[in-house]
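For reference, the structure is listed below as structure tokens.
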Amino acid sequence: MKVSSDKLQVNGDPSIAYRRISNFSELGGMMPSQVQGWTATENTCSFNVGGMAQVNMKIAQKVEPSLVVITSDEGTPFNFTLAIHLTPGVGSFTSQVEAEVGVNLVMGAMIKGQMQKFVDTMNQQIKAFTESQM
């Protein structure tokens, strides 16, 4: 199952957003309220979602300042990839968050709305954070 946020125009330097999203230690404040027990290093993190599932993630790829790819890590009950795209422009950039989750069709139908909300919220928070740093 794949979901993508809308592309957002962000006023500011993409390197500001990149520095934040390429280091899990900096992401704790951007997580939704359902995320509990957040622990992180620069390249790995773990947390619990709503008391139901333990999620472990690692940063699989970094291309400064345009791309961060995050994947599930050992112990997570499903495979996923999260790609955060930052496309530089003049004085601004475009951001988009994409997620691909390896679940069956029934589970995909059950969680698609939540995943869409997650990628949309994350993208909005990237925009808000970057623009607050200007």
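Taken together, the values in this text are just the output of simple stated rules run on the coordinates, not laboratory data. As the structure is a computational prediction, the values presented were derived from the model and not from experiment. A quick note on method: Cβ atoms are made from the backbone with ideal geometry, for glycine too, and the neighbour counts reach across all protein chains shown.
So what is the 222 nm mean residue ellipticity for the chain from helices alone, if each DSSP H run of at least 4 adds -39500 (n - 2.57) and you divide by all residues, rounding to the nearest 500 deg cm²/dmol?
Theoretical 222 nm ellipticity from helices: -9000 deg cm²/dmol.
Can you pull the Kirkwood radius for the chain, inverse mean 1/r over Cα pairs, to one decimal in Å?
Values: mean 1/r = 0.0664 Å⁻¹.
The answer is 15.1 Å.
So for the chain, averaging the separation of alpha carbon pairs under 8 Å that are six or more residues apart and normalising by length, what relative contact order in percent results?
32 percent
Would you list, by chain and number, the lysines whose Cα falls below 22 Å from the Cα of Lys7, excluding same-chain residues fewer than 8 positions away?
Lys62, Lys112, Lys117, Lys127
Take each of the peptides 8-14, 102-108, average the number of other beta-carbon atoms within 10 Å over its residues, and list them starting from the highest.
The packing order, highest mean first, is 8-14, 102-108.
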